[in-house]
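Undergrad: Sharing a structure with you now.
The values are calculated or read from the model by the stated rules, or taken from the named source; none is laboratory data. Nothing here was measured: the structure is a model prediction, and the numbers come from that model. Cβ sites come from the backbone with ideal geometry, for glycine too, and all protein chains shown count toward neighbours. Each accessible area value is taken on the protein alone, full model and side chains, heavy atoms only, with ligands, DNA and RNA left out. Shrake-Rupley method; radii C 1.70, N 1.55, O 1.52, S 1.80 Å.
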Amino acid sequence: MIHEKEGVYMATIQEVAKYARVSVGSVSRYLNGHKLRPDNIKKIETAIEVLGYKENFFAKGLKSNQTRSIGLLMNNMQNNFSASLVAKIDDVLEQQGYTILLSNYRDDPNRIEQKIAFFESRAVDGLIIVGAEQSWPQLECLKNYDIPIISIITPLDSPKTDSIIVDNRASTKKVISKMLSLSHKKIGVIAAPQTDYVARERFLGILDAYESHNKRLLETDIYYGDYSKTSGKRAMEYLLSEGITAVFVCNYNMSLGALQTIHENKLVIGKDISFASYDYFDASDIFHPKLTVIKQPIEEIGMLAAERLLEKIKNNNQLEGKVFTLTNEILWRDSIVKKLS
């Protein structure tokens, strides 16, 4: 039977199954993303199109108390970190029959409330937020959102919210300490704006290294970029004019710009200048010498976020919030060498 509601005819899952000449279970498995025989998939898709079947996610969620969907809110989806993170989270959740609803706030906290309201309207079973800052007042709405929440790369102080961060401060300290121990007195730093948690942690690691060596980082040896390749290029031009013999870059895109300037100045990394940066990228392996980089455990972050969220869903969001700190991997290469006298 075709049901009528407010003048709109809505086909049922039973009618789709009857039209496609398959079982209701087959249609249900198809709708939940399970693999079926190609001929059955074709018949079900044809039936859905002909009958105009629309799955009622909200009603489905009310009935089972779960929609088997997860909201994933990113600050920026146009970088390698985000793409790799989304892929890993999706892999883990898909294996457990969950679907991701993906959105981003494009580094604009004023968009967060709107995005969270969207996820709430879709009755998601859990929420993962990437890069949100504790100080943003727009996050106050989360206090009334009674579902499991995971914060990635930045800590959020909430009783039931888990935070997954990495040891940025400790990792940066190790790299800068290595440069200082190799007699580099003029180390250029290309830093990100100190407006977010990750940028501040990385910069604090630099200061920690100088303090442990009883040295002081000169303001003239610091350039604050804006995360772009262009700013990395300008930064490297400036630092070379200051006579630096080593450089550390706190961001992937700025690293690309810095490397371009080094190349244009015909400098040899590992001979004329020592170089290290954040964020592992494939190109680091094709340089000669290979570049020293701090590699974030992206797959581990994604897996932990997905698995922990599923655990919290299973426990009806009764688990207390925790902070998980993962360890970056430092790929030590020959791009850092002892400064020649």
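Undergrad: Q194 - would you say it is surrounded by fewer than 17 Cβ atoms within 10 Å (Cβ to Cβ), under 25 Å from L85 (Cα atoms) and at pLDDT 95 or above?
TA: yes
Undergrad: Let me ask something else about it. Is there a residue in region 167-176 that is open to solvent by 10 Å² or more (accessible area, probe 1.4 Å), in contact (Cβ under 8 Å) with a residue 12 or more places away in the chain and not in a helix (DSSP H, G or I)?
TA: yes
Undergrad: Can you confirm whether region 263-276 contains a residue that is over 28 Å from L156 (Cβ atoms), within 22 Å of the chain's Cα centre (by Cα) and open to solvent by 70 Å² or more (accessible area, probe 1.4 Å)?
TA: Checking region 263-276: not a single residue is over 28 Å from L156 (Cβ atoms), within 22 Å of the chain's Cα centre (by Cα) and open to solvent by 70 Å² or more (accessible area, probe 1.4 Å).
Undergrad: For the list (1) at pLDDT 95 or above; (2) more than 18 Å from A235 (Cα to Cα); (3) touching a strand residue (DSSP E or B) at 6+ places or on another chain (Cβ under 8 Å); (4) open to solvent by 10 Å² or more (accessible area, probe 1.4 Å), I need the number of the one condition that G321 fails.
TA: (1)
Undergrad: Still on this model: On the given criteria, is A191 closer than 29 Å to F324 by Cβ, among the aliphatic types (A, V, I, L, M) and touching a Phe, Trp or Tyr at 6+ places or on another chain (Cβ under 9 Å)?
TA: Criteria met by A191.
Undergrad: While we're here: So, restricting to helices (runs of 4 or more DSSP H) that lie completely within region 1-65, which ones have at least 1 residues that are out of contact with any strand residue (DSSP E or B) (no Cβ under 6 Å at 6 or more places or on another chain) and modelled with pLDDT of 70 or more?
TA: 13-20, 24-31, 38-51
Undergrad: Hey, does region 112-126 have a residue that's part of a helix (DSSP H, G or I), more than 30 Å from A11 (Cα to Cα) and open to solvent by 90 Å² or more (accessible area, probe 1.4 Å)?
TA: The answer is yes; a qualifying residue exists.
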